[in-house]
Amino acid sequence: MSDPQLIRIGARSSPMSLAQVERVRAELAAANPGIATEVVPFTTSGDRWSGALVELGGKGAFTRELDQALLAGTIDLAVHCVKDVPGDRPVPAGTVFAAYLKRDDLRDALVHPGGLTLDRLPAGSRIGTSSVRRVAQLAQRWPELEPVPIRGNANSRLAKLDAGVVDALLLAVSGLERIGAQDRITEILTVEQMMPAVGSGTLALQCRSEDEAVVEAVGALNDAETFRQTTAERMLLHVLQGHCNSPIAAFATTEHDGRLSLRARVFSADGKTTLDAHEWDRNALALGTSVAATLLRQGAHEVINAIPH
Ligand SMILES: NCc1[nH]cc(CCC(=O)O)c1CC(=O)O
């Protein structure tokens, strides 16, 4: 297969997205010295809209425009946070995830200018997050803290924090590292305290399925264990069929013997109900399906559907 000469990469203009694209360009250049890359800037509906994402009508607010550009042939590659890719449906027909990059830290972090941890924050502290998953887990373990909706990219959220709009922020460790703001972290939460979202810390590289040269060049960047873990996590989400307001948390890891472990939780919005499952299997698809089935037997549909969406 001949090398593609030039790969045009669609990228959202936030600092986090641009950092992600620079990682992809560096890894592509190292794996295929003959390839040139070009960055095509994008603003998605999710970037433009500052209200609640649920009001944007359906999922994929951060991926839709890039999907369309790929299919229209104006870009050859889209870089997505797996966490932002809808999990209840397959990736758009005609496109493929040709690689998952080696996963970064999947945990969430607290950013509090005074250096406190969640356990020490005074009652009534305003915690900036719009994630239903984080809100439910805050309500469950730290009911005296007050979640406050906040949107915008991580840099603008940090600026709002510094302006006193909120007292603290919950953000992904990986995202803060990508924008060089890891020194703002005051507490890294354990997965037990704050179970991560499906796909946390993982980047997916999406190409046109028929574009064999690009699929092959990009495929060289795939990390086999991240691929297995992501496959298990996204299978779980697919079977659960959550809506965009579903507090679902799950993460897969690889055991020393090569089996995958998949832990998953489904929360009610108030955090009072937690469904919990943890299973192991060598087969990622079987594992995702089985853990989802376990949660469904515990009443996951009822918990998910009780939340307005
Ligand atoms: N929800 C937006 C989003 N999508 C991916 C990341 C961070 C990187 C990742 O977890 O892959 C973030 C920011 C955050 O949650 O703090």
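Does the stretch 150-193 hold any residues that are within 13 Å of the ligand (Cβ to nearest atom), open to solvent by 60 Å² or more (accessible area, probe 1.4 Å) and part of a loop (DSSP other than H, G, I, E, B), and which are they?
The answer is ASN153, and nothing else.
Hey, could you check the stretch 125-134 for residues that are open to solvent by 40 Å² or more (accessible area, probe 1.4 Å) and closer than 14 Å to VAL166 by Cβ and say which is modelled with the lowest pLDDT?
Per the stated criteria, the residue is SER130.
Select from the stretch 128-142 the residues that are of a type outside the set (D, E, K, R) and either part of a helix (DSSP H, G or I) or more than 13 Å from the ligand (Cβ to nearest atom) (or both) and list them in ascending order.
VAL132, VAL135, ALA136, GLN137, LEU138, ALA139, GLN140, TRP142
Every residue, every condition in (1) surrounded by 16 or more Cβ atoms within 10 Å (Cβ to Cβ); (2) touching a strand residue (DSSP E or B) at 6+ places or on another chain (Cβ under 7 Å), yes or no:
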| site | (1), (2) |
| --- | --- |
| LEU66 | yes, yes |
| GLY73 | no, no |
| VAL85 | yes, yes |
| LEU116 | yes, no |
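Determine which member of the set ALA204, ALA197 is touching a residue at least 40 places away in the same chain (Cβ under 8 Å), part of a strand (DSSP E or B) and either closer than 22 Å to VAL21 by Cβ or within 12 Å of the ligand (Cβ to nearest atom) (or both).
Within the list ALA204, ALA197, the selection yields ALA204.
Working only within the stretch 11-26, note down all residues that are away from the ligand (no atom under 16 Å from the Cβ) and either within 16 Å of ASN155 (Cβ to Cβ) or touching a strand residue (DSSP E or B) at 6+ places or on another chain (Cβ under 9 Å) (or both).
If the condition is that a residue be away from the ligand (no atom under 16 Å from the Cβ) and either within 16 Å of ASN155 (Cβ to Cβ) or touching a strand residue (DSSP E or B) at 6+ places or on another chain (Cβ under 9 Å) (or both), then ARG25 is the only one that fits.
Output yes when any residue across the stretch 236-254 is more than 28 Å from ARG141 (Cβ to Cβ) and within 16 Å of the ligand (Cβ to nearest atom), and no when none is.
Looking through the stretch 236-254, none of the residues is more than 28 Å from ARG141 (Cβ to Cβ) and within 16 Å of the ligand (Cβ to nearest atom).
The values are calculated or read from the model by the stated rules, or taken from the named source; none is laboratory data. Keep in mind that this is a model prediction, so the values were computed, not measured. Cβ coordinates were reconstructed from backbone atoms using ideal geometry, including for glycine residues, and neighbour counts include every protein chain displayed. Please note that ligands, DNA and RNA were not included when accessible areas were found on the heavy atoms of the full protein model with its side chains. Shrake-Rupley method; radii C 1.70, N 1.55, O 1.52, S 1.80 Å.
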